[in-house]
1. Only bridges with both residues in the range 1-149 count here: give the DSSP antiparallel percent, nearest 5.
2. Counting other Cβ atoms within 10 Å, which trypsin sites (Lys or Arg not before Pro) in the range 181-260 have at most 14 and lie in a DSSP loop?
3. Which FRET efficiency, nearest 0.05, do Lys459 and Lys41 yield, Cβ-Cβ r, R0 51 Å?
4. What do you get for GluC sites (Glu not before Pro) in the range 264-331 restricted to DSSP loop and a cutoff of at most 15 other Cβ within 10 Å of the site's Cβ?
5. For each of Glu29, Glu514, count neighbouring Cβ atoms within 10 Å of the residue's Cβ, then give the residues from fewest to most.
6. Only counting other Cβ atoms within 10 Å, I'd like His437, His481 sorted with the fewest neighbours first.
7. Arrange the following residues from fewest to most other Cβ atoms within 10 Å of their Cβ: Ile154, Ile100.
8. Once you have a ≥ b ≥ c as the square roots of the Cα gyration tensor eigenvalues for the range 362-475, tell me rounded if a/c is under 1.5, and otherwise prolate or oblate according to whether a/b is larger than b/c.
Amino acid sequence: MGSETGMEIEKQSASGRVVIIGGGFAGVELARRLEKKVPRKTEMVVISAENHMVFTPMLPEVAARTLNPLHIVVTGREMTRRTRWMKARVTAVDTAANEIVYEDDRGHEHRLGYGQLVMACGAVVNLDAIPGMAAHAFPLKSIGDAFSLGNALIGLCEEASIATEAERPDILSIVVVGAGFSGVEIAGNIADLVDRVHRYYPQLRGVRARITLLQRGKQILPELAYKALSDFAFKKLSARGVDVMLETSAKEVTRKRVVLGNGESIPAGLVICTIGTGSNPLDETLGVPLEQKRIATEPDMRVKGLANVWAIGDNALIPNAATGENSPATAQFALRQARQLAGNLAMHLRGRPTKPFRYKPMGLMAAIGHRNAVAEILGFHLSGFLAWFLWRSVYLSKMPSLSRKFQIAVDWAWELLFPPNSVELSPQSERRTDLAHFAGGDWIYRKGDPAQHLFLLQKGAAGIYFDENEGPVGALEPGDHFGEGALLNKDGNGRRSVSVKAITSVDVIRMGREDFIRLADSMSILREGMDREFLERRSATQVSELLMNQPEFFDFSVARFMSPERFAISDASTLGTVLEAFEPNASGFNVVDDEGRLVGYVSRTELYRAIQQRMGMDRPVADFMLTDPPVATPDENAVAATLRLVHNDVELLSVVNDVQERKLLGTVCPLDVFKQTILFERNGNTSGSSS
């Protein structure tokens, strides 16, 4: 479990300590019940990454500005009396030593011993199943998610109000992925919010937000047994302008659109994801196999294979003796599991037999907006206003704090009389380094766009274009960075000099201009390297721009600038012979086979890398050369060839007879092009415009 250095090992009275990991519904309810059932000498500890519990069923109303976000959270210390509450992040469970490993807010690692351990840490959001979802979609799991989503919804209206008429429909297009309870409730609440704030945006008169709800299955709210309720919700949402698309899945998400499973795409100014849960990484440290991404338990909620570890809530797979099936991951079941586990732990501590979990659910409810809901309660089926009133009454009664109940009741009363708050907050702590996803064919940025980010390519391939109507002049692969030139250019206008397009689906890390400049200024090595690379690229780019500024140069071919010198070494060379071949002013060598075909390229960069890796002098050149260097043909356009040289980080561009045969004819370097352009301008020569 790591080094003991700097770790606090707290073992006193560990055998009599009950540790609960997780401060959600299950963990808090268990602690409250245990306080009444176990002797006072039993120490109880709740350890959670947050100091509060979130009443998650009301998150859609927070996003819709119906409820104050602080009114649906309650601190653990308010709800318990003698339970010790620890705000920390548990990183591992050492079942052999009966200890948990956790980190405090300063990153220091500690250990805490336990006699009985309860895993109530819940499931985690997993947005990686759909490319681009993690980068561009809003989840709805925490109070921060709901607040950010509400802020973003108001931001859409602000953006649309100053956009052109043609742009507004795409900006006001909102896509909700998943039509279970969370998806349906957030879609309905969003429809309420955008309708009620519409009055503040006269520029949007006649323009309605398009809300699209995607559902992979044949009906929304598939959890409901009575299909008529699902149909009722479908009709009500459709009447409110929500476009419900059944048997439709999201295949890919980008910054501006959602690609559907059938290949079609819809514009998306904002995407909300209510699907995708994964196993909690902490569960895997128990050393027991997971089933259906959850911890499998015995009927009494004890983890299979572990005598003193128990599990409840969304991360636990618990058989329900009442139905013979596994319990669903819902708040209703989490609360019931907590109550029964409190009894089981009390019995276990006294040496008495435990009981299997048994619960018959009371029913299901979903609020669908505009004072409508659907409900299955004790066999009765309700819909409309009565179901909505029941929904609010039931959830208000479940709030664990009297003060919160009063605050929520006031919020609801206020909402009946006044429109929602349309303030958009832009906190200074808003992240400036984030993820972005682009589908194949999307422009990451275009020539002339303002430079706002540095990009680091994580997955996929992209192309660099000097002219968007021509082919790419350079390729970008995972690990490549791009976009820094316009950020570092002090005398420029901060505009992109080239376009970059995703060839395949790509994931990139984006670093904002301010963060990048601050990092570069603080790290001299990074700054020097970036400056050197930028100057090299900028010098060559200026040559290309000089070419572009002379219309006659559009007809110039590579042959006009090509040097017949091949600067070649044999593919039979070794590291030692390559080092001997390099002269002080040499920049690079082409590597050719016995028939003169180009097979690679070696520059100082490849040599330095080979030396750093401590390759022997007898290592063949094939082990360290660039195996697929950029090439040009003699009749190719010189502007495109020069840009290919610039953006592939090579000093010489190899000229071959054919891109397939690759027989080396000569080379092109930026200085050759520069000399020709200077002579051209000096002589005013417009003759011989092709070669």
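A short reminder: the numbers here are calculations on the coordinates, not readings from a lab. None of the values given here were measured: they were computed from a predicted structure. Don't worry about glycine lacking a Cβ; one is built from the backbone with ideal geometry, like all the others, and counts go over all protein chains shown.
1. Details: 13 of 29 bridges.
Roughly 45 percent of the DSSP beta bridges within the range 1-149 come out antiparallel.
2. Working: sites: Arg196, Arg199, Arg205, Arg208, Arg210, Arg216, Lys218, Lys227, Lys235, Lys236, Arg240, Lys251, Arg255, Lys256, Arg257; in loops: Arg205, Arg208, Arg216, Lys218, Arg240, Arg255, Lys256.
Taking the range 181-260 and a limit of 14 other Cβ atoms within 10 Å, the loop trypsin sites (Lys or Arg not before Pro) found are Arg205, Arg208, Lys218.
3. Details: r = 55 Å, r/R0 = 1.08.
Once the sixth-power term is evaluated, E becomes 0.40.
4. Working: sites: Glu264, Glu284, Glu291, Glu325; in loops: Glu264.
Sites meeting the loop and neighbour criteria: Glu264.
5. Working: Glu29 25, Glu514 11.
Listing Glu29, Glu514 from fewest to most nearby Cβ atoms yields Glu514, Glu29.
6. On the way: His437 25, His481 15.
With the sparsest Cβ surroundings first, the list reads His481, His437.
7. On the way: Ile154 20, Ile100 25.
With the sparsest Cβ surroundings first, the list reads Ile154, Ile100.
8. Working: a/c = 3.51, a/b = 2.46, b/c = 1.43.
Verdict is prolate for the range 362-475.
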